[in-house]
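The structure appears below as structure tokens.
Every number in this text was worked out from the coordinates using simple rules, so none of it is lab data. Since we're looking at a predicted model, the values are computed, not measured. All Cβ positions, glycine included, derive from the backbone under ideal geometry; neighbour counts span all protein chains shown.
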Amino acid sequence: MTLKQLLIGTALAGAMTFGAAAAASAADLIAIITPSHDNPFFKAEAEGADAKAKALGYETLVLVHDDDANKQSQLIDTAIARGAKAIILDNAGADATVAAVKKAKDANIPSFLIDREINASGVAVAQIVSNNYQGAQLGAQEFVKLMGEKGNYVELVGKESDTNAGIRSKGYHDVIGEYPDLKSVAKQSANWSQPEAYSKMESILQANPNIKGVISGNDTMAMGAIAALAAANRKDVIVVGFDGSNDVRDSIVAGGIKATVLQPAYLQAQVAVEQADAYIKTKKAPAQEKQLMDCVLINGANAAKLETFALKK
């Protein structure tokens with residue numbers, strides 16, 4: 001072999017070694033699994049996690065479970081088969097998710113939960129959720145004020161399998177229950193869905209034409225409610241939501257929905273990725289598994305500053 005051939009061979013071998021190292025680094029994968037991106041809240045979560053993971057040098061696998069626990073289990077199987085370094089998960093049920101997260105843990109893949117808790121500790125590395133009770137109390141206090149402390153009202157509740165639905169409802173009632181002149185005439189689940197909320201609101205309105213207000217477990221249902229009220233020419237009914245979506249921001253600015261409660265979906269997902277990155281590199285878990293992030297009241301005074309589940313400074 002000539003010196004020239006030896007040098008070329010050495011250079012090629014070096015390039016192949018570098019390429020293999022680069023490929024190994026690029027193969028570090030974070031799986032991001034959420035409910036449907038049809039809901040802007042979940043889309044913001046996925047986008048926040050995806051952007052932060054890529055900024056930290058990871059590949060991402062963005063998947064949607066559609067609030068189906070069986071599908072979620074299959075997607076976690078996919079993440080395990082792909083050798084994900086971590087899973088960022090907004091789960092499909094507080095009880096139904098425990099086995100799926102444990103399955104990932106048994107495969108040495110840590111899970112970092114966002115938005116929704118599960119009914120188990122020590123299975124996920126972190127559960128980073130909005131302080132839903134605190135946020136619901138903020139929303140309820142604003143609702144009471146807007147209602148003038150009296151009148152008939154309706155509550156639209158989220159998916160019954162979702163812990164957040166119950167926590168928000170309790171937060172609402174612990175405040176509103178202090179005002180005896182505020183009367184609940186209907187409380188129905190619309191499963192976080194805008195079309196279902198529209199349909200439920202139509203029926204409720206027919207049975208209770210004298211309602212003065214609607215308090216909703218999320219913004220998507222609030223948008224369904226305000227649309228049904230508009231179709232019935234009932235612009236006098238006060239609607240308050242929960243999430244802090246751009247759609248509700250625009251409605252508030254236009255004088256439709258009166259208020260919502262911002263839970264920082266985008267930031268929450270990014271914090272989860274940062275904690276996952278630290279755990280991947282050091283195997284050190286955050287000081288606390290369950291972490292609460294406070295919510296912020298959004299109304300006519302600050303709605304214009306809201307953008308993609310975050311307040312602009």
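How would you order 268-275, 251-258, 31-38 from highest to lowest mean count of nearby Cβ atoms within 10 Å?
Numbers: 268-275: 23.8, 251-258: 18.1, 31-38: 22.2.
Per-residue Cβ counts within 10 Å, averaged per peptide and sorted highest first, yield 268-275, 31-38, 251-258.
What's the ranking of 285-298, 119-132 by average number of surrounding C-beta atoms within 10 Å, highest first?
Working: 285-298: 16.1, 119-132: 19.6.
The most tightly packed comes first, giving 119-132, 285-298.
Tally Lys/Arg at +1 and Asp/Glu at -1 over every other residue whose Cβ is under 10 Å from the Cβ of Tyr58; what's the total?
Details: positive: Lys52, Lys54, Lys85; negative: Asp28, Asp50, Glu59, Asp277.
Local net charge: -1.
Expressed as a rounded percentage, what relative contact order does the chain have, with Cα pairs under 8 Å and six or more residues apart?
Working: 644 pairs, mean separation 56.7, N = 313.
This gives 18 percent for the chain.
Would you compute, from DSSP H runs of 4+ residues alone, the mean residue ellipticity of the chain at 222 nm, taking -39500 (n - 2.57) per run and dividing by the full residue count, rounded to the nearest 500?
Values: 10 runs with 145 residues, N = 313.
After summing the helix terms and dividing by the residues of the chain, the value is -15000 deg cm²/dmol.
Nearest-5 percent of antiparallel DSSP beta bridges in the chain? Display every interim value, and only then the final one.
Working: 4 of 40 bridges.
Counting only bridges with both partners in the chain, antiparallel ones make up about 10 percent.
With a sphere of radius 15 Å drawn around the Cβ of Tyr179, what net charge do the other residues whose Cβ falls strictly inside it have (Lys, Arg +1; Asp, Glu -1)?
On the way: positive: Lys145, Lys150, Lys183, Lys212; negative: Glu142, Glu149, Glu155, Asp174, Glu178, Asp181.
Neighbour charge sum, excluding Tyr179 itself: -2.
In nm, give the distance between the simple-model label positions of Asp66 and Asn302, each being 7 Å from the Cα along the Cα-to-Cβ direction.
3.7
If eta is 0.692 mPa s and T is 37 °C, what Stokes-Einstein diffusion coefficient results for the range 160-313, Kirkwood Rh from Cα pairs, in µm²/s? Intermediate results must be reported in sequence, preceding the final value.
On the way: Rh = 17.0 Å.
Reported coefficient: 193 µm²/s.
Place a label point 7 angstrom from the Cα of Asp250 along the Cα-to-Cβ direction, then list the residues of the range 196-219 whose backbone nitrogen is under 12 Å away.
none
Would you mind checking the pairs Lys85/Lys159; Lys54/Lys105; Lys54/Lys284; Lys52/Lys103; Lys103/Lys170; Lys102/Lys290 and listing those with alpha carbons more than 28 angstrom apart? List each step's numbers first, then the result.
Details: Lys85/Lys159 31 Å; Lys54/Lys105 23 Å; Lys54/Lys284 21 Å; Lys52/Lys103 25 Å; Lys103/Lys170 32 Å; Lys102/Lys290 16 Å.
Pairs exceeding the cut-off: Lys85/Lys159; Lys103/Lys170.
Dipole size in debye (nearest 20) for the chain around its Cα centre, Lys and Arg Cβ +1, Asp and Glu Cβ -1? Each step should come with its number before you reach the end.
Values: 31 positive and 35 negative charges, 119 e Å.
Charge dipole, the chain, about its Cα centre: 560 debye, nearest 20.
Determine the shape class of the range 120-224: with a ≥ b ≥ c the square roots of the Cα gyration tensor eigenvalues, call it rounded for a/c under 1.5, and otherwise prolate if a/b is greater than b/c, oblate otherwise. Walk me through the numbers on the way to the answer.
Numbers: a/c = 2.59, a/b = 1.45, b/c = 1.79.
It comes out oblate by the Cα gyration axes.
Please report the base-10 log of the normalised intensity I(q)/I(0) for the range 201-265, using a Debye sum with one equal scatterer per alpha carbon and no solvent, at each q in 0.15, 0.16 (1/Å).
-0.40, -0.45
Evaluate the distance, in nm, between pseudo-label points positioned 7 Å from the Cα of Lys290 and of Lys54 along their respective Cα→Cβ axes.
3.5
Over the range 168-279, what is the relative contact order in percent, taking alpha-carbon pairs closer than 8 angstrom and at least six residues apart? Walk me through the numbers before you get to the answer.
Values: 127 pairs, mean separation 21.9, N = 112.
The normalised contact order for the range 168-279 reaches 20 percent.
Which helices of the chain meet both criteria: a Cα extent of 27 Å or more along the helical axis and a mean Kyte-Doolittle score no lower than 1.0, with helices taken as whole DSSP H segments?
On the way: long enough: 3-26 (34 Å, 1.24).
Both cut-offs are met by 3-26.
Tally Lys and Arg at +1 and Asp and Glu at -1 over the other residues with C-beta under 9 Å from the C-beta of Ile128: what net charge comes out? List each step's numbers first, then the result.
Details: positive: Lys290; negative: Asp115.
Overall, the nearby charge balance is 0.
Can you give me the distance in nm between label points at Asp236 and His173, each placed 7 Å from the Cα along the Cα-to-Cβ direction?
2.9
Convex hull volume of the Cα atoms in the chain, per residue, in Å³? Write out the running numbers ahead of the final one.
Working: hull volume 48.3 nm³, N = 313.
With only Cα atoms used, the chain gives 154 Å³ per residue.
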